[in-house]
Structures are given as C-alpha cells and as structure tokens.
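Asks: For reference, the structure I am asking about is given below.
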Amino acid sequence: MNRLPRWLAHHVAALRVVVVLTLALGLLYPLAMTGIAQAVFGRGAGGSLVEKDGKIAGSELVGQSFTGTDGEPIKRYFQSRPSAAGDGYDPGATGAGNQGSESVVDVLPDPADPESGKLSLLTQVCARSKAVGELEQVSGARPYCTSDGVGAVLGVFREQGLSGRATRVVSLNQACPATPFLAAYEGVAVECAKPGDDYSKALVVPVRGDAPAHPAVPADAVTASGSGLDPHISPAYADLQAPRVARERGLSLDRVEDVIKQNTTGRALGFLGEPGVNVLTLNLALDRES
Amino acid sequence: MYGWLQALFVLTLLVVLHVPVGDYMARTLDGGRHLAIERRLYRICGIDPDREQDWRHYLLALMAFSVLGIAALFALLTLQGSLPWSLGHPGMSWELALHTAVSFTTNTSWQNYAGEATTGHLAVMAGLGVQGFASAAVGMCVGLALIRGLVRRGGTEIGNFWVDLVRSVFRVLLPLAVLFGIVLICMGVQQNLDGAQAVNTVAGGTQTLIGGPVGSWEPVKLMTGDGGGFFNASSAHPFENPSSLSDSLEILIMLIVPTAFIRTFGRMAGNLRLGWTMLTVVGILFGLLLIAGNLAQAAHTGTVAQAVGAQTEGTETRFGIPASTLFGVSATASADGALNASYDSFSSLGGGVLLAAMMLGEIAPGGTGSGLYGLIMVVLVAIFLGGLMVGRTPEFLGKRIGFTEMRFVVLYSLVSPTLILAFTGLAVGLPAGVSSMGNVGAHGLTEVLYAYTSNVNSNGSAMAGLNGNTMFYNLTMTAAMFIGRYLPIAFVLALAGSLVRQQPQAVTAGTLRTQGVSFVALATGVALIVALLNFLPALSLGPLADGLLG
C-alpha cells in the first residue's frame, strides 16, 4: 500500500470502503432489522393485514375502493376518498394528482375520441361534489362549480387583450352543446366551448356563484390524498354517508354510528394530526353485522 | 390551533434532544481512541487512521469515495434485472440510472421514477440505502473539517476523511437508524422481504399490496436528509407513515442530526453560547418559514381551494393540513426531500414558502453536515459585513476573515443561485424543458424552478407534476446535482485549509462579538437578504404570480 502514490491509494481505499459499507449497511443492517421486526412486531412488520372469511382482504393501513365493476359506488359500503393512485387505490402506482390550486381550465376531449382531453382539478372537484351530493341526497353545490358539475370558468376576450370592453365570452369547461351557466357577462352573451378552439388569448375568469362557503359535501370527499391510498375519511364524511349505509343494510342509524365511532382514530396523544375513520375496517365490521 | 400545538411539541422535543445528541457527536467524532473493530476495518481497507490529511487530500479522498459510490450504484441499478431480490423489475435505462446514482450519492435523492414500480429490495437496501448513510456521512465529514479549520491552532491538517466517514456512519447514523427504525416498526411501519401480494378486496376487486424492508429504510431516508421514498408517495404512504404519531416522530428524525450538529460545533469550539446563538438564528428562520407556510395554507386563496373549502387536495386525512405544512417546511428546510402530502397541490404561496426554505441555502437547520457548513458560511458573511459596518476586524473564533477566506465564502454562495437560475432559464427556453411541466403558466414555472432548486441544493423535494424522466431533465439534473454538491464542498474544504493555518488572535475590544441580539439579527438578516436578492425575480414570476394573480 505504502508504495502506491497517495492519489491512487485513496481510490483503492475508497473501493474497499464502498464494499465494506455495502455489506454492513446494505445487507447486515436491513436483514437484522427484518429479523428483529418479524420476531417482535410480526403483525405490523408484515403489513397489518386484515382478513375477511379467513382470507386476506387487504391491509388496514391501505385504503380500498368500494365500487362495483362499473366503477359506481356500492351503496352498502362507506366510500373512500377519491384516489389518484392508478385507477384508484392501486399500491403499484401511489401518489397524488399534483395539480395546483389554479388548475381550472379543462382540455376538452375531441368528440371523435372521448378518452382524450384532460380535466382540470376544479372540474374534478365539481364533478365529485355533484356525484357525492346525488348519492347522499344532499346538495352537491360548491363555489366556482356549475350545476352540471364542471368548473365555472369564463374565457373573456377584451378589446385590448388584457383590458377594455368584453367582445366575446366563452364558458371554457362547458363543451357544446351545453347551456352556459351564465347567459351573459358584461352584456355579452356567453358561448359554450368548442373542443379544439384556441381560447388562449382570453382572460381566465373563475365565477364564484352563490353556493355556500361551507358546502354539504365535505372537503375530503372531493379531493384526492397525497398517497392515493388514504385509509381514512373525515368523521364529517362518514356521518354524511351513515344514513345511506344504514338504509341499504337495514340497520338503525344509531348502530351504524356506533360502528363508525369504534373505527375512528382520534388525534394521537390528543393533539397530533386529525381524527379519521378507517373505511376498510368500518366496512368489514358492518359486513360482520349484516 | 392543534397544528401549532403539534409544532410546539415536536420542536421542544428537538431542542431538548439536540443537547445530548450533539454532545455525544462532539465526543465521539473528534479525537479519542479507535475501537478494535474500527482498527480492523481500517486495516482491511488499507487506511492509516492516524495519518491526517490537508484539505487537498481530504477533498481527493472524498471525491474518490463519492465517484466510486456513483459507479457502484450505477452498476447495481442498471444490472438490477440479473440480480436477486429484483421483484421482477428490469434494470434502469442508463440516463435514469446515472441520475439516480448521482442523486443518492449527492444526498439529493430526487427520484425520476416511482419506487414501487422500479426498484427491487436489493437496489433499495444495498444501493440507495448505503448511499443514504454514506452521503450524509460525507456531509458530516465536511462539517467536521470546517470546524477543525476554525478551532485548530496552526498546521495544515483538517482531519482524516476515512476516520470521519467511518465514525459518522458507525458511531452516529447507524445506531440512531436502528433505534428510530425499531420505534417506527413498532408504530406499524412494515419490515419484511415480501414481494407483491394480490388480495381480493372487500368490494370484490383486487389489490396488489407491496411489501418490503420499509422500516429499515425509513430512518435512513429521514435522518440523513436523503428523502427518497421507498414508495412513490414517500411519507404520505401509510406503510411509510401510518399514523400522526409516526408523522411527528418522522419530523423529529429529519431535524435531529442537523440540529445536534450545531451543538457539536459549539462543543468543539469550546463555546456553547455560540451554539445557542446559531440555534437561535436557525430557530428564527424556521419559525418564519413555518408561520408563513401555515398562514398561506390556512388562507386557501386559490380557486380550487375556495371551491373545496380547504387546502385538502393532496393531503392525508390522518395528518391534516397543518401537519402537512410542518412536515413540508421541515423537509425543505432540512434538505430532506421527503413529503407527506403533494407539494404541487399546496397553495401557490405555501409552495413558495417551501421553495424559499430551499433557497435560503438549507441552513434552517439544513442537511446532515451540509446544514452546518452552510450556516457557518452565512455567519462568516454576517461577520464580514458587520465588521465593515462598524469598522471592526472581521474575526470568527479568533481567526481573521480576510481576502482569501471571503473569496471562498463568496464563491460558495454563488454556486447555488447561478446553477438554479441558469438551468431554469435553459429549461423554460427549450421545448424539451417545457413539455414536461404538469401544470401550465406560472405554476409550471414554479415546478421547474422547484426542481432545479431542489437538485442543486441536494434536497430532493419535488413538485411531482413535473415529468423528470426525460433525457433532458435526467442529464441537466445530474449536472446540477453533481456541481451543486461538490463544488461548494471544495470551497468549504479550501476555506478550512486556509483557516487552519492561522494562529488564533487574542479577542480584543475591537473584535465583533458573535453573540447577543444584534448579532442574531445581523446573521438572520444576512441569510434572508442574500437569498431574497438572488431569487426574488424568479419567485415573482413563479409562486407569487400564481398566488396573487390566480
């Protein structure tokens, strides 16, 4: 070693250190941790699996979809939050929608190809709110949403581009032949949007409308989570769903609310995080009852 | 309300714990005897642990270790398909493997791929995990070298890189990882070597659960400032972060080593008061970021947030919005790229706060080791400016801050803004850069600015709407990470080499005192002003335009 020039000696040492660290930190450490974990914390280390009728039916930490093959909610089950993981609650594609708070203009689908286009976050929120409202028989109205469940957003063309008299107004998220949510804006008749037309010169103006600031459908029911696997819903969303589930299962509302309570996790230590209702264990508990 | 209580709880715990951990680090990392097992390790590796290095050899050893680390990780990632425990995943393409290898070796851990769909257990454990430890230890080595430059009296040696590396890994990072890992597993984080397991769901569908050694990965990811998720969703994933209790612990794990290192500095300098002074600066900066972030998130001024009624898009129910903000600020301010919510869906101004946390140079408390040397750089600028203002000699711990020293400090400070702004400008000027944006307009610019800020500053935090797995982003980000990590390190070590030669001067009435309210205000102000001057124009076009005009 000592005969090597020092710069070369550094590289030889580096190579050996990389090998040693790989063995110690890359194999010994995780394998020893696995051994300890399996021996002492078997259930949690194994993924907190839950069973239904003796078969593994998922993990209590990982949310599931409670929809039928048609994608529609199964009415006897509490519904989870919207999910951006794959087609919904896919652990192979976790993540969020990653759209910002000013994602308000849809790319309308080409009529020849209904799968094309891209919905803005606003329209997704409006559509979910409308659907949940219909399912739970409450108003799905929200600020900045049209009654047909898209973002209430106008594209306003003005005389001098950014300023001046409005010359043409388009409801950007309502594809023709829809009836625009406003008949007229600053005295100009509002048009429906034609897919493929270029509205990029128009000023984007979201219209709040007169929906209440605290809608009947809770916030978590219309937004996707960070992981796409959120196992919880808010107590407010569980309460909203309770009458429907009680009706569908022929249980008393009181009984369903009891089961909700048993599957609610409060704030840890009384003040950390937010309370949540575990949808999977809640539905499993109800399946055991009826 | 509960959000502030949680922040208070975690930060109090942090301040209490940083004292013993920092004292332990000072005692065990510098000087003292080698353990028998360490001696054997040095002998196997052909290292003379008692031969110290000047700054050039220290840097050479560091670079040799880092470049070989990149090569080893690159090989592992590209050959993954032919190795055991790959879970059937093929090797990465060369440009993605290069990006990923540099990303984890530079302690950035930006991921242009989704973990669950790309990396098998061997790649995570023996590749990414090893570099998680190693890259953090490299940061600690540079921090130690700079401290020695400041506290030693003459000579040219600033320590032995290999000894610093081995001790950082085996005496600090590994024991803490074992401890935190076991606590997290106890809280429900999974730890097994299972692959994918298909189950029939309650509603009659199927779901494929993915197992893995998450519990041993998690403390490495958090503590080392590494931040790359085992899963794409990182700490938002319930297997990585099952409850609000584990969430609080994870925030603490992210902050503990960088914060304790400030104490280590105070202890090694024989000036604990200096440690507290610097911690106060860090606390003020962190507090400002947290308050700004919480206000922005709670105001939910964006159109979608007003339609929803809260900033819930991209957040997990069990954490809630304030805990997601606390996690986000902690992660970006500590150079940890982890997330427990979608930063892309933060309010425009809230996302701007995270960006600002990185643009501050990640000194509050910053990365493992890198936070300390970044903070010392800011303190040196403050001392120099303060000295000029009142006509006192700029000195720090008795070492004169002269022309040579300031040249390295200024060069250090210029690297990150230059790289960030140049690469962002390049990306928004080229179609290959624009086409990857996940959002249009000002928010798209924010995504790109966030990406290069995160890469240059070795953070790894992402606004995930941006599709980074393209030839353009893989290669430019690789360059940004490599230069953004090692060029500043070279300047820090050169500075240490310059400082260590000086005999400390006696403290006189003419010395600027590095304590008290006025110095704290000066240092905090310098940190803010330097960052703002560099980045205000870019911030105006990105998050500010997005939040104020939207």
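Asks: Excluding ligands and nucleic acids, what accessible area in Å² is computed for residue B:491 using a 1.4 Å probe, to the nearest 10?
Replies: Result for residue B:491: roughly 40 Å² accessible.
Asks: If you roll a 1.4 angstrom probe over the protein chains with everything in place, what fraction of the accessible area of the stretch B:304-346 belongs to carbon and sulfur, to the nearest %?
Replies: 67 percent
Asks: Can you give the net charge of the other residues whose Cβ lies under 14 Å from the Cβ of residue A:37, counting K and R as +1 and D and E as -1? The partial results should precede the final answer.
Replies: Details: positive: A:43; negative: B:194, B:218.
Spelling it out: positives minus negatives among the neighbours equals -1.
Asks: To continue, here is another question. Say each of residue B:28 and residue A:257 gets a label point 7 Å from the Cα, pointing the same way as Cα to Cβ; how far apart are those two points in nm?
Replies: My value for the distance between the label points is 5.4 nm.
Asks: Taking chain A as the reference, fit the longest principal axis to its C-alpha atoms, fit the long axis of helix A:279-289 to the helix C-alpha atoms, and give the angle between the two in degrees, 0 to 90, nearest 10.
Replies: Approximately 90 degrees, to the nearest ten.
Asks: Could you work out the local net charge near residue A:141, counting Lys and Arg as +1, Asp and Glu as -1, over the other residues with Cβ closer than 9 Å to its Cβ?
Replies: After counting each charged neighbour, the total is +1.
Asks: So if I place +1 on the C-beta of Lys and Arg and -1 on the C-beta of Asp and Glu, and nothing else carries charge, what would the dipole magnitude of chain B be about its Cα centre? I want it in debye, nearest 20.
Replies: 1840 debye
Asks: OK, next. With axes computed from alpha carbons, what is the tilt in degrees of helix A:121-136 against the longest principal axis of chain A, rounded to the nearest 10 within 0 to 90?
Replies: Its long axis makes an angle of about 80 degrees.
Asks: What is the ratio of the Cα radius of gyration of the stretch A:1-142 to 2.2 N^0.38 Å, where N is its residue count, to two decimals?
Replies: Dividing the Cα Rg of the stretch A:1-142 by 2.2 N^0.38 Å gives 1.79.
Asks: Measuring from label point to label point, each 7 Å out along Cα→Cβ, what is the residue A:8 to residue A:183 span in nm?
Replies: 9.1 nm
Asks: I've got another one for you. At a Förster distance of 45 Å, what's the computed FRET efficiency of residue B:17 paired with residue A:107, Cβ-Cβ distance as r, to 0.05?
Replies: 0.35
Asks: Which of B:196, B:264, B:343 sits farthest toward the positive end of the charge dipole of chain B, with +1 on the Cβ of Lys and Arg and -1 on the Cβ of Asp and Glu?
Replies: So the residue furthest toward the plus end is B:264.
Asks: Sticking with this structure for a sec: What average number of partner chain Cβ atoms lie no more than 10 Å from the Cβ of the residues making up B:340-349?
Replies: 5
Asks: Helix A:29-40: angle to the longest alpha-carbon principal axis of chain A, degrees 0 to 90, nearest 10?
Replies: Once rounded, the angle reads 80 degrees.
Asks: Whole number please: convex hull volume per residue, Cα atoms of the protein assembly as shown, in Å³.
Replies: 163 Å³
Asks: Determine how large the accessible area of residue B:47 is when every protein chain is in place; take a 1.4 Å probe and give Å² rounded to the nearest 10.
Replies: The accessible area comes out at roughly 20 Å².
Asks: For residue A:191, what accessible surface area do you get with a 1.4 Å probe? Give it in Å², rounded to 10.
Replies: 60 Å²
Asks: Once the mean 1/r over all distinct Cα pairs of the stretch B:252-342 is inverted, what Kirkwood radius in angstroms do you read off?
Replies: 14.7 Å is the Kirkwood radius here.
Asks: Another question, then. Please report the buried accessible area for the interface of B with A, total over both chains, probe 1.4 Å, in Å² to the nearest 100.
Replies: Values: alone 20940 and 17100 Å², together 30110 Å².
Using a 1.4 Å probe on protein heavy atoms, the buried area is about 7900 Å².
Asks: Right, another one. Using the Karplus curve 6.51 cos²θ - 1.76 cosθ + 1.60 with θ = phi - 60°, work out ³J(HN,Hα) for each residue of the stretch B:356-365 in order, rounded to whole Hz, and write x for Gly and Pro.
Replies: Per-residue couplings from phi come out as 4, 4, 6, 5, 4, x, 6, 10, 10, x Hz.
Asks: Let me ask you something else. Label residue B:56 and residue B:389 with points 7 Å out from Cα along Cα→Cβ: what is the distance between them in nm?
Replies: So the label points at residue B:56 and residue B:389 sit 3.9 nm apart.
Asks: Which residues does a label at residue B:440 reach in the stretch B:457-496, if reach means a backbone N under 20 Å from a point 7 Å past the Cα toward the Cβ?
Replies: Correct set: B:464-467.
Asks: Determine the order of B:276, B:162, B:94 by accessible area, beginning with the largest, at a probe radius of 1.4 Å.
Replies: B:94, B:276, B:162
Asks: Take every DSSP beta bridge with both residues inside chain A and express the antiparallel ones as a percent of the total, to the nearest 5.
Replies: Expressed as a percentage, antiparallel bridges in chain A total about 85.
Asks: Right, another one. Provide the FRET efficiency to the nearest 0.05 for the residue A:197-residue B:206 pair, computing r from the beta carbons and using R0 = 35 Å.
Replies: 0.25
Asks: Please find, in a Gaussian network model of chain A (springs between Cα atoms separated by less than 10 Å), the residue of A:29, A:185, A:77 whose mean-square fluctuation is greatest.
Replies: A:29
Asks: Give me the net charge of residue B:441's neighbourhood, meaning all other residues with Cβ under 11 Å from the Cβ of residue B:441; Lys, Arg count +1, Asp, Glu -1.
Replies: Surrounding charge for residue B:441 is -3.
Asks: Here is a further query. Projecting each Cα onto the charge dipole of the stretch B:272-418 (Lys/Arg +1, Asp/Glu -1 at the beta carbon, about the Cα centre), which of B:393, B:417, B:361 comes out farthest on the positive side?
Replies: Of B:393, B:417, B:361, it is B:393.
Asks: OK, next. Okay, helix-only estimate at 222 nm for chain A: each DSSP H run of n ≥ 4 adds -39500 (n - 2.57), divide by all residues, round to 500 deg cm²/dmol; what do you get?
Replies: It comes out at -9000 deg cm²/dmol, rounded to the nearest 500.
Asks: If the chain between residue B:548 and residue B:298 were fully stretched, how many nm would it gain, using 0.36 nm times the residue separation less the Cα-Cα distance?
Replies: Values: separation 250, 0.36 × 250 = 90.00 nm, distance 1.55 nm.
Separation in residues times 0.36 nm, less the Cα-Cα distance, equals 88.5 nm.
Asks: Here's something else I'd like to know. What ranking of A:87, A:197, A:230 comes out by heavy-atom accessible area, probe 1.4 Å, highest first? All intermediate terms of the calculation are to be shown ahead of the outcome.
Replies: Values: A:87 165, A:197 70, A:230 0 Å².
Sorted descending by solvent-accessible area, the residues read A:87, A:197, A:230.
Asks: What's the center-to-center distance, using Cα atoms, between the stretch A:57-113 and the stretch B:294-362 in Å?
Replies: Result: 22 Å between the Cα centres.
Asks: What FRET efficiency, computed as 1/(1 + (r/R0)^6) with R0 = 45 Å and r the Cβ-Cβ distance, is obtained for residue A:32 and residue B:503, rounded to the nearest 0.05?
Replies: Here the calculated transfer efficiency is 0.40.
Asks: Using helices alone, what [θ] at 222 nm do you get for chain B, with -39,500 (n - 2.57) per DSSP H run of 4 or more residues, divided over all residues and rounded to the nearest 500?
Replies: Values: 21 runs with 341 residues, N = 550.
Helices in chain B give a 222 nm mean residue ellipticity of -20500 deg cm²/dmol.
Asks: Would you mind calculating the gained length between residue B:430 and residue B:193 on full extension (0.36 nm times residue separation, minus the Cα-Cα distance), in nm to one decimal?
Replies: Contour length minus the Cα-Cα distance gives 81.0 nm.
Asks: Specify which residue in the list B:41, B:225, B:156 is farthest towards the positive end of the charge dipole of the protein assembly as shown, using unit charges on the beta carbon of Lys, Arg (+1) and Asp, Glu (-1), about the Cα centre.
Replies: Sorting the options by dipole projection puts first B:156.
Asks: Students often get this wrong, so check it: of B:221/B:399; A:52/A:261; A:130/A:194, which have C-alpha atoms separated by over 32 Å?
Replies: B:221/B:399
Asks: Which order do you get for B:401, B:182 if you rank them by accessible area with a 1.4 Å probe, largest at the top?
Replies: From most accessible down to least: B:182, B:401.
Asks: In Å, what Kirkwood hydrodynamic radius results for chain B from the alpha-carbon pair distances?
Replies: 23.5 Å
The values are calculated or read from the model by the stated rules, or taken from the named source; none is laboratory data. Keep in mind that what you see is a predicted model, and the values were worked out from it rather than measured. In this analysis, Cβ positions are derived from the backbone assuming ideal geometry, glycine residues included, and neighbour counts consider all displayed protein chains. Side chains are part of the model used for accessible areas, which takes the heavy atoms of the whole protein and leaves out ligands, DNA and RNA. Shrake-Rupley method; radii C 1.70, N 1.55, O 1.52, S 1.80 Å.
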